[in-house]
Amino acid sequence: ETWIDDVYRNRLRTLLSLDDHITLFMKQLKKMKQLDNTYVIYTSDNGFQLGQHRLRGDKRQLYEHDIRVPLYIRGPGIKPGTSLDEAVLNIDLVP
């Protein structure tokens, strides 16, 4: 096994744990009847290369998967399935 395999496997384990916690959080909001009154924002950073382009442990390249990060928002006034193509930054969340 390689270093990259270990890192990748650990990332997947972390994501599984995160999925479990988000599920519990959403269920608790629903139970408290606050789900429809709460904005839930999910984002990430661009992570590190895991061997792509023969790069190891770096994220300062101008590849699409390095410069694009997920941003999902649900909450009051946001229609499910809404998608925007505009570029956004963290400052757009809270000025």
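Some observations on this one:
- Any chance Asp36 is closer than 24 Å to Asp5 by Cα, out of contact with any Asp or Glu (no Cβ under 6 Å at 6 or more places or on another chain), loosely packed, with under 13 Cβ neighbours inside 10 Å and not hydroxyl-bearing (Ser, Thr, Tyr): no
- Screening region 39-77 for residues that are open to solvent by 80 Å² or more (accessible area, probe 1.4 Å), assigned to a loop (DSSP other than H, G, I, E, B) and among the hydroxyl-bearing types (Ser, Thr, Tyr) and picking the one that is farthest from Asp6 (Cα to Cα) gives Tyr39.
- Residues of region 15-33 that turn out to be open to solvent by 90 Å² or more (accessible area, probe 1.4 Å), out of contact with any strand residue (DSSP E or B) (no Cβ under 9 Å at 6 or more places or on another chain) and part of a helix (DSSP H, G or I), as a count: 7
The values are calculated or read from the model by the stated rules, or taken from the named source; none is laboratory data. Quick caveat: nothing in here was measured; it's all calculated off a predicted structure. Here the Cβ is made from the backbone with ideal geometry for all residues, glycine too, and neighbour counts use every protein chain on show. Quick note on the areas: whole protein, heavy atoms, side chains included, nothing else; ligands and nucleic acids left out. Shrake-Rupley method; radii C 1.70, N 1.55, O 1.52, S 1.80 Å.
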